[in-house]
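To start, the structure itself, in structure tokens.
The values are calculated or read from the model by the stated rules, or taken from the named source; none is laboratory data. No experiment lies behind these values; they were computed from the predicted model shown. Here the Cβ positions follow ideal geometry from the backbone for every residue, glycine too, while neighbour counts run over all protein chains shown.
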Amino acid sequence: MLTIDNLTNEIDGKAILKGLSLTINAGEIHAIMGPNGAGKSTLAYTLGGRPNYEVTGGSATFEGADLFDMDPHERAAAGLFLGFQYPVEIPGVSNLQFLRESLNSQRRARGEKELNGGEFIKLAKEKAGLLGLDMEMLKRPVNVGFSGGEKKRAEMVQMGILDPKLAILDETDSGLDIDALKIVGSGINAIMRKPDKAVLLITHYQRLLDYVKPDFVHVLAAGRIVKSGGPELALELEREGYAEVLGAEVVA
């Protein structure tokens, strides 16, 4: 589904990713962990198409197409979803309005029929139910006045409605209490744990992986993936720390 080969990039002239390679197949959940400043969020933003994240080498193909030849909205319409560590507020635009337009713009881009009001509300209720989010919350402006946990649940509702092929989730567990973590983890499983979908989870901690079991865990340090393994690798990192597992010179 996604193949990244020897990817390098720069932000404001500073090299961040330094030869990163990774392959994600349909039906797989991959987790990326690593110390602060390793390039985890940079990887997510580069794949999503955030401006000023300049690709300087390597390649990324998504279902056989060159990802970097696509604009961000084209990547989204092709089935890529990027979940943010800090979802933004959009005053004056209701969640329902935002979600319906987002979905129908993608459907138009794919040559699919747009959903009418009734069809969309039925879909929104279904996906909100998976995340325990009251429909009244979706009538409010996007993320305005929402707690950290409510923002993350609303973003997962968005993911459910857009129904992507590949979800890249950047520290979705950030700011979640125990109850919200369980709800968000269950929502990710319900929406994305399917044979034709894949997930790239970026996280600092093991706790989300207790609910969303990864097939593979990778450690990103100094702009490269330096170690890969199964779920037991995350437990080892949680127990021992990055410096102990990888060696202080690799982490630095």
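Of the set (1) crowded, with 18+ Cβ neighbours inside 10 Å; (2) within 17 Å of the chain's Cα centre (by Cα); (3) within 26 Å of His204 (Cα to Cα), all apply to Ala78 but (3). Here the strands (runs of 3 or more DSSP E) wholly within the stretch 161-252 that include at least 1 residues being more than 15 Å from the chain's Cα centre (by Cα) are 216-221, 224-229.
Quick grid of which residues meet (1) over 28 Å from Lys213 (Cα atoms); (2) at pLDDT 95 or above:
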{"site": "His30", "(1), (2)": "no, yes"}
{"site": "Gly37", "(1), (2)": "no, no"}
{"site": "Ile90", "(1), (2)": "yes, no"}
{"site": "Val93", "(1), (2)": "yes, no"}
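Within the stretch 48-66, being at pLDDT 95 or above and touching a Lys or Arg at 6+ places or on another chain (Cβ under 8 Å) holds for one residue alone: Phe62. Being surrounded by fewer than 23 Cβ atoms within 10 Å (Cβ to Cβ) and more than 23 Å from Leu138 (Cα to Cα) is the filter here, so list the residues in the stretch 179-201 that pass it. Passing the criteria: Arg193, Lys194, Pro195, Asp196, Lys197. The number of residues in the stretch 171-193 that are under 16 Å from Gly129 (Cβ atoms), touching a residue at least 60 places away in the same chain (Cβ under 8 Å) and β-branched (Val, Ile, Thr) comes to 1.
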